[in-house]
Amino acid sequence: GIQVEQSPPDLILQEGANSTLRCNFSDSVNNLQWFHQNPWGQLINLFYIPSGTKQNGRLSATTVATERYSLLYISSSQTTDSGVYFCAVEPSTGGFKTIFGAGTRLFVKA
Amino acid sequence: SQTIHQWPATLVQPVGSPLSLECTVEGTSNPNLYWYRQAAGRGLQLLFYSVGIGQISSEVPQNLSASRPQDRQFILSSKKLLLSDSGFYLCAWSRGDGPEAFFGQGTRLTVV
């Protein structure tokens with residue numbers, strides 16, 4: 001099946017710093033989403049981005065489907081950005097399944 | 001707007017006891033429904049998905065089963081829990097003709 005790899009696995013930032021999270025996938029996908037899991041376990045939809053670039057406040061994401069990767073940018077990080085960031089894809093040949101990467105655990109220090 | 005409800009939020013069960021977790025979706029019809037499990041400190045593993053009433057696909061062999069008795073209801077069950085069934089269980093839905101998945105609040109299950 002499709003492999004979804006996220007890097008880095010762990011990241012510690014000073015408040016105000018910028019960061020880039022990467023998601024590589026091994027096969028073609030119909031869809032790609034970025035989620036933020038807060039400390040209470042809730043998965044929050046950040047972006048639905050099968051291709052192109054989107055921005056929402058301090059967050060932006062870019063997916064280059066032909067090269068099988070997506071990037072999530074966090075600018076001017078805040079302590080509330082802490083948590084785990086997941087990339088999830090729907091394989092082109094998978095049929096309605098959303099497959100998750102292992103996540104990037106982010107801690108933003110005050 | 002669409003909402004997804006999952007309960008209970010936390011559950012502590014003894015080994016060998018049965019399990020029933022329920023998930024319901026409001027505000028949409030014929031959704032795709034999913035059960036995921038997240039072990040401590042790890043990613044999400046897809047357990048089951050359903051594209052319609054009575055249609056269940058299992059992704060991994062395990063001690064769990066799923067059922068979809070109604071269009072917007074998805075149930076995760078076990079006849080006898082194992083210690084290894086502990087984890088954080090998340091229900092999700094997506095539109096039948098759309099790809100974006102939305103998640104419930106999750107159930108933290110501890111088997112003792």
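Of all residues in the range A:11-18, none are open to solvent by less than 50 Å² (accessible area, probe 1.4 Å) and under 29 Å from B:Val51 (Cβ atoms). Filtering the range A:38-66 to residues that are part of a loop (DSSP other than H, G, I, E, B) and more than 13 Å from the chain's Cα centre (by Cα) leaves A:Asn38, A:Pro39, A:Trp40, A:Gly41, A:Gln42, A:Ser51, A:Gly57, A:Arg58.
B:Lys79 passes every criterion in (1) within 10 Å of another protein chain (Cβ to nearest Cβ); (2) open to solvent by 20 Å² or more (accessible area, probe 1.4 Å) apart from (1). As a summary of the residue check, A:Asn56 satisfies the conditions (1) closer than 18 Å to B:Phe102 by Cβ; (2) in contact with a Ser or Thr (Cβ under 8 Å, 6 or more places away or on another chain); (3) open to solvent by 40 Å² or more (accessible area, probe 1.4 Å) except for the one numbered (2). Restricting attention to the range A:26-45, the residues being open to solvent by 10 Å² or more (accessible area, probe 1.4 Å) and either among the aliphatic types (A, V, I, L, M) or in contact (Cβ under 8 Å) with a residue 24 or more places away in the chain (or both) number 11. Candidates B:Leu19, B:Leu109: the one that is hydrophobic (A, V, I, L, M, F, W, C), more than 26 Å from A:Val89 (Cβ to Cβ), in contact (Cβ under 8 Å) with a residue 12 or more places away in the chain and within 14 Å of chain A (Cβ to nearest Cβ) is B:Leu109. When the range B:24-59 is examined, which residues are found to be more than 18 Å from B:Asp85 (Cα to Cα), touching a residue at least 60 places away in the same chain (Cβ under 8 Å) and in a strand (DSSP E or B)? Answer for the range B:24-59, where residues must be more than 18 Å from B:Asp85 (Cα to Cα), touching a residue at least 60 places away in the same chain (Cβ under 8 Å) and in a strand (DSSP E or B): B:Val25, B:Asn32, B:Leu33. Only one of the numbered conditions (1) farther than 18 Å from A:Phe107 by Cβ; (2) open to solvent by less than 30 Å² (accessible area, probe 1.4 Å); (3) of a type outside the set (Lys, Arg); (4) within 14 Å of another protein chain (Cβ to nearest Cβ) is violated by A:Tyr48, and that is (2).
The values are calculated or read from the model by the stated rules, or taken from the named source; none is laboratory data. Please read these numbers as outputs of a predicted model, since none were measured by experiment. A quick note on method: Cβ atoms are made from the backbone with ideal geometry, for glycine too, and the neighbour counts reach across all protein chains shown. What goes into the accessible areas is simple: the full protein's heavy atoms, side chains included, and nothing from ligands, DNA or RNA. Shrake-Rupley method; radii C 1.70, N 1.55, O 1.52, S 1.80 Å.
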